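Engineer: Below you'll find the structure I mean.
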Amino acid sequence: METKPTHEQAQLHLQVYEQRREARLRQARDWFVQNYFPENIDDAMRIAAPGTEGGIFFGMVAGYWEQTCALLNYGLLHEDLFFETSGEFFMVWERVKPIIAQGREKFVYKQFFAHVEQAAKRYETWIEKRSPGHIAAMQEFMKMMRPQAAKAA
């Protein structure tokens with residue numbers, strides 16, 4: 001996107017950011033970063049079982065980023081501004097990517113994380129043009145986080 005954000009896009013961007021500051025969502029995001037490392041749908045259901053605090057936290061993080069990426073995908077948020085300031089959604093995508101196909105099948109819902117996936121694919125192209133190698137470096141960093149989470153458990 002070669003244009004500057006409109007005033008309305010900037011306002012919505014700030015509103016989306018303000019939601020991220022809500023205490024319970026911050027707690028859910030912290031839980032997700034520290035605990036959510038599924039390799040398959042069975043891991044995902046164990047880590048974030050429905051009705052458990054982990055399940056609630058997963059739902060909050062998933063819902064927040066799916067909604068935010070929907071706003072982006074529909075053009076309501078300015079893409080460059082979003083990508084420059086909101087990399088967390090890509091970490092969420094990297095964490096759920098291993099379970100997407102199984103989750104879509106299990107829940108018979110082809111749209112499961114579809115907005116996050118669409119935004120993540122565009123982000124990969126966008127960031128690689130600006131900072132070649134960034135995606136690979138972030139993926140390596142995220143791999144290093146996994147053993148730390150296992151030790152803490």
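The values are calculated or read from the model by the stated rules, or taken from the named source; none is laboratory data. Just so you know, these numbers come straight off a predicted model, no measurement behind them. Note: ideal-geometry Cβ built from the backbone for every residue, glycine included; neighbour counts use all protein chains shown. Ligands, DNA and RNA are excluded from the accessible area calculation, which covers all protein heavy atoms including side chains. Shrake-Rupley method; radii C 1.70, N 1.55, O 1.52, S 1.80 Å.
Engineer: Whether any residue in region 99-114 is in a helix (DSSP H, G or I) and within 13 Å of the chain's Cα centre (by Cα) is what I want to check.
Structural biologist: Checking region 99-114: at least one residue is in a helix (DSSP H, G or I) and within 13 Å of the chain's Cα centre (by Cα).
Engineer: Can you tell me how many residues within region 102-124 are closer than 21 Å to N73 by Cα and open to solvent by less than 80 Å² (accessible area, probe 1.4 Å)?
Structural biologist: Residues in region 102-124 being closer than 21 Å to N73 by Cα and open to solvent by less than 80 Å² (accessible area, probe 1.4 Å): 12 in total.
Engineer: Can you name the condition, by its number, that R21 falls short on among (1) exposed (fewer than 13 other Cβ atoms within 10 Å of the Cβ); (2) more than 26 Å from F141 (Cα to Cα)?
Structural biologist: Evaluating R21 over (1) exposed (fewer than 13 other Cβ atoms within 10 Å of the Cβ); (2) more than 26 Å from F141 (Cα to Cα) leaves (2) as the failure.
Engineer: Is it true that T85 is touching a residue at least 60 places away in the same chain (Cβ under 8 Å) and open to solvent by 30 Å² or more (accessible area, probe 1.4 Å)?
Structural biologist: The answer is yes for T85.
Engineer: Output the residues belonging to region 35-52 that are open to solvent by 20 Å² or more (accessible area, probe 1.4 Å), over 20 Å from R20 (Cα atoms) and out of contact with any Lys or Arg (no Cβ under 8 Å at 6 or more places or on another chain).
Structural biologist: Listed by number, the residues that qualify are E39, N40, D42, D43, M45, R46, I47, A49, P50, G51, T52.
Engineer: All but one of (1) touching a residue at least 12 places away in the same chain (Cβ under 8 Å); (2) open to solvent by less than 40 Å² (accessible area, probe 1.4 Å) hold for G55, so report the exception by its number.
Structural biologist: For G55, the exception is condition (1).
Engineer: Out of the residues in region 65-95 that are part of a helix (DSSP H, G or I) and more than 16 Å from E124 (Cα to Cα), which is nearest to the chain's Cα centre (by Cα)?
Structural biologist: W65
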